[in-house]
Amino acid sequence: MKYFIALVHKDSDSVFGISFPDLPSIFSAADEEEDLTANAIEALRLWAEDETLPMPSSYDEISSRQDIREQLAAGAFLTRIPFIEDTTRTVRANVTFDKGMLDAIDKAAKERGLTRSAFLASAARKEIEAA
């Protein structure tokens, strides 16, 4: 998993804008601050469908850039955005659950028309991206 540093802008009369210093062609926006991460992840995923994402710069590398420091001084802020690459390579994993939990997982997966594996992968992605 990679973490990209994003720069968030907010003018008093506008939505939140989010951009990536490592990926200047990617931009997203959100009406509410709590939607920033999900919208930024979606923008990264869409871009990664056609392009290979570079290795992300570190927080120190980004925050030491003069252009970024100027934007921070003007009120912008930095945040880390998690990105889980879809590799199309499936691997088998052996996991252990309490019987009651496994029954609940299977029931929830069935209600959603998913396999146990798909349900667990989806739940894990949501949890990681929400952190």
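If r is the Cβ-Cβ distance from A124 to S14 and R0 is 25 Å, what FRET efficiency results, to the nearest 0.05?
That gives a FRET efficiency of 0.15.
Starting from 0.36 nm per residue, how many nanometres of slack lie between A108 and W47 once their C-alpha separation is accounted for?
Extra length from A108 to W47 when fully extended: 18.8 nm.
So for the pair S117, A74, with labels modelled 7 Å out along Cα→Cβ, what separation do we get in nm?
Label-label distance for S117 and A74, simple model: 4.9 nm.
With an 8 Å Cα cut-off and a minimum separation of 6 or more residues, compute the relative contact order for the chain in percent.
Answer for the chain is 28 percent.
Counting only heavy atoms of protein chains, what accessible area per residue, in Å², does the chain have with a probe of 1.4 Å?
About 70 Å² of surface per residue is accessible.
Out of residues 5 or more away from S57 or on other chains, whose amide H comes under 5 Å of its own, with H placed 1.01 Å from N in the peptide plane?
Answer set, sorted by chain and number: I5.
Which of the following values of log10 I(q)/I(0) by the Debye sum over Cα atoms at q = 0.11, 0.13, 0.20 Å⁻¹ was calculated from the structure shown: (i) -0.52, -0.67, -1.15; (ii) -0.36, -0.51, -1.30; (iii) -0.42, -0.58, -1.26?
From the options (i) -0.52, -0.67, -1.15; (ii) -0.36, -0.51, -1.30; (iii) -0.42, -0.58, -1.26, the structure gives (i).
In nm, to one decimal, how far is the D60 label point from the V91 one, both placed 7 Å along Cα→Cβ?
Inter-label distance under the simple model: 2.9 nm.
Where the accessible area of region 23-63 is counted over protein heavy atoms with a 1.4 Å probe, how much of it, in %, is carbon and sulfur?
Carbon and sulfur together cover 46 percent of it.
Would you kindly derive the ³J(HN,Hα) couplings of region 78-83 from the backbone phi angles with the Karplus curve 6.51 cos²θ - 1.76 cosθ + 1.60 (θ = phi - 60°), listing them in order in whole Hz, with x for Gly and Pro?
9, 8, 9, 10, x, 9
The values are calculated or read from the model by the stated rules, or taken from the named source; none is laboratory data. Only a predicted model underlies this, so the values are computations on that prediction, with no experimental measurement involved. A quick note on method: Cβ atoms are made from the backbone with ideal geometry, for glycine too, and the neighbour counts reach across all protein chains shown. In case anyone asks, the SASA skips ligands and DNA or RNA and just uses the protein heavy atoms, side chains included. Shrake-Rupley method; radii C 1.70, N 1.55, O 1.52, S 1.80 Å.
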